[in-house]
Amino acid sequence: MTHIIQAVIFDMDGVLVDSEPFWQQAELEILSDRGVPLTFEDTLKTQGLRIDQVVTYWYQRHPWTGATPPQVADTILHRVVELIRTQGSPLPGVEQAIRTIHQRGWALGLATSSPSLLVEATLERLGLTGAFSVTRSAESLPYGKPHPQVYLDAASGLQVPPEHCMAIEDSFNGLLAAKSARMTALAVPDPHHRDDPRFVIADHRLDNLTQLTESWLDGLS
């Protein structure tokens, strides 16, 4: 049964901004300095996880001495913030999609595993400060995505039941979080994951947000 949509909750990294290359660059630079034999393909394994979870993942497999995992995670975060502030740009269709949803009268939220420092830097860089009624970060939660809590928190902040929210995600971990929160899940996978068979769990799929039009939204109801 299709639920009546009353709110749309965006993921941030990989949905609003093409930040994955920045995360990959920062992880490759900083984790390699710690002796982790990381490749570009390796960074795809942890896409959608909170940065402390990413660092813990690699520390468990290739432990290092010196800087602690939280210190390394913080260094990676600040490198990504620097890259976003100087190079970040919205992904195709972002402004149009937000405008279309606004015009429809649906509530708009943001739910991300990224820390609030990066959320603020990203929204400022993209000119989207104030575009979302509610922004929620999983940074202070016990678990980031694929745990659904950050999505549940965003729905609560919007005062819309989760089953009447649509989540927009680019990663499988994010999709798991949205589905676990009982939301309608729209997948907009990046090219590296477009053929991933696990995306079959999404309720809807688009190649990019330019396809999120009035007519497409009409088809949801």
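The values are calculated or read from the model by the stated rules, or taken from the named source; none is laboratory data. Because the structure is predicted, anything quoted here is derived from the model rather than measured. Cβ coordinates were reconstructed from backbone atoms using ideal geometry, including for glycine residues, and neighbour counts include every protein chain displayed. Ligands, DNA and RNA are stripped out before the accessible areas are found, and what is left, the full protein with its side chains, is counted by its heavy atoms. Shrake-Rupley method; radii C 1.70, N 1.55, O 1.52, S 1.80 Å.
For V160, the conditions (1) under 25 Å from L91 (Cα atoms); (2) assigned to a loop (DSSP other than H, G, I, E, B); (3) not hydroxyl-bearing (S, T, Y) all hold with the exception of (1). Once the range 200-221 is narrowed to residues that are without any contact (Cβ under 8 Å) to a residue 60 or more places away in the chain and within 22 Å of R99 (Cβ to Cβ), the residue that is most open to solvent (accessible area, probe 1.4 Å) is R205. In the condition set (1) in a helix (DSSP H, G or I); (2) in contact (Cβ under 8 Å) with a residue 12 or more places away in the chain; (3) crowded, with 17+ Cβ neighbours inside 10 Å, D74 is compliant with all but (2). Considering the range 42-67, and only residues there that are assigned to a loop (DSSP other than H, G, I, E, B) and either farther than 21 Å from V15 by Cβ or aromatic (F, W, Y) (or both), the residue that is most open to solvent (accessible area, probe 1.4 Å) turns out to be T65. Of all the residues in the range 177-221, those that are touching a strand residue (DSSP E or B) at 6+ places or on another chain (Cβ under 9 Å), more than 16 Å from Q6 (Cβ to Cβ) and assigned to a helix (DSSP H, G or I) number 6.
For the range 177-199, filtered to residues that are open to solvent by 60 Å² or more (accessible area, probe 1.4 Å) and modelled with pLDDT of 95 or more, the residue that is nearest to G14 (Cα to Cα) is K179. Scanning the range 21-40 for residues that are open to solvent by 30 Å² or more (accessible area, probe 1.4 Å) and on the phi < 0 side of the Ramachandran plot yields P21, Q25, L28, E29, S32, D33, R34, P37, T39, F40.
Among the residues of the range 18-34, those that are modelled with pLDDT under 95 and outside any helix (DSSP H, G or I) comprise D18, S19. P148 satisfies every condition listed in (1) open to solvent by 50 Å² or more (accessible area, probe 1.4 Å); (2) under 13 Å from the mean Cα position of the chain (by Cα); (3) more than 16 Å from G14 (Cβ to Cβ) except (1).
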